[in-house]
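Chemist: The structure's right below; bear with me while I get my questions together.
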Amino acid sequence: MATDKINLGLQGETLAVFFLKKNGFNILETNFRTKFCEIDIIAKEDNTLCFIEVKTRTSLKKGLPKESVNPAKQKKIILGAQFYLKSCRLDNIRVRFDVVEIYVNTEKDSAPHIHIIKNAFWAV
């Protein structure tokens, strides 16, 4: 079961990178790891640095994918983003936290549904 979940996550992140590139994002990093967390994708859209969490689901029984990016997960992503900004010496840059939701219907032979939520949450 865990392997299936990992494979689904990797499939979702691959789909998200393709989707983001197609929509004008410049991918800078994938699976950026710190001791606090892992940030799925770091990209630039125009002059904005985007920290992107990807959530992939095959069923909506547990709710929408974005609903799993709870305040605790948001806090970890924000800490990881702060670490990234400091380690890259990036000051005075516009930052945004996005969530890419992916719904893969495994029962039907249909394309995945991909939706980006820009400014899904903020660092306070």
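Chemist: List the residues of segment 48-62 whose backbone N lies under 18 Å from a point placed 7 Å from the Cα of R94 along the Cα-to-Cβ direction.
Modeler: Zone members listed by number: 48-52.
Chemist: Please report the net charge: other residues with Cβ closer than 15 Å to the Cβ of K21, K and R +1, D and E -1.
Modeler: Values: positive: K22, K44; negative: E13, E29, D40, E45, D46, D98.
Counting the neighbours of K21, the net charge comes to -4.
Chemist: Shifting gears a bit: Would you mind checking the tilt of helix 2-22 against the longest principal axis of the Cα atoms of the chain, expressed as 0 to 90 degrees and rounded to 10?
Modeler: That works out to roughly 60 degrees.
Chemist: Separate question: Work through the residues other than I117 whose Cβ is under 9 Å from its Cβ and net out their charges, Lys, Arg +1 and Asp, Glu -1. Don't jump to the answer; show the numbers that get you there.
Modeler: Numbers: positive: K66, K118; negative: D98, E101.
Charge balance in the 9 Å sphere: 0.
Chemist: Hey, what did the chain get for relative contact order, percent, Cα under 8 Å, at least 6 apart? Display every interim value, and only then the final one.
Modeler: Details: 194 pairs, mean separation 28.8, N = 124.
Over the chain, the number comes to 23 percent.
Chemist: Another one. Given the C-alpha centroids of segment 1-54 and segment 73-120, what is the distance between them in whole angstrom?
Modeler: Answer, in whole Å: 6.
Chemist: While we're here: How big is the shadow of the Cα convex hull of the chain, averaged over all directions, in nm²?
Modeler: Details: hull surface 32.2 nm².
Averaged projected hull area, Cα only: 8.0 nm².
Computed from the coordinates by the stated procedures, all read-outs in this text should not be read as laboratory data. No experiment lies behind these values; they were computed from the predicted model shown. Here Cβ is always computed from backbone atoms with ideal geometry, including for glycine, and neighbour counts include all displayed protein chains.
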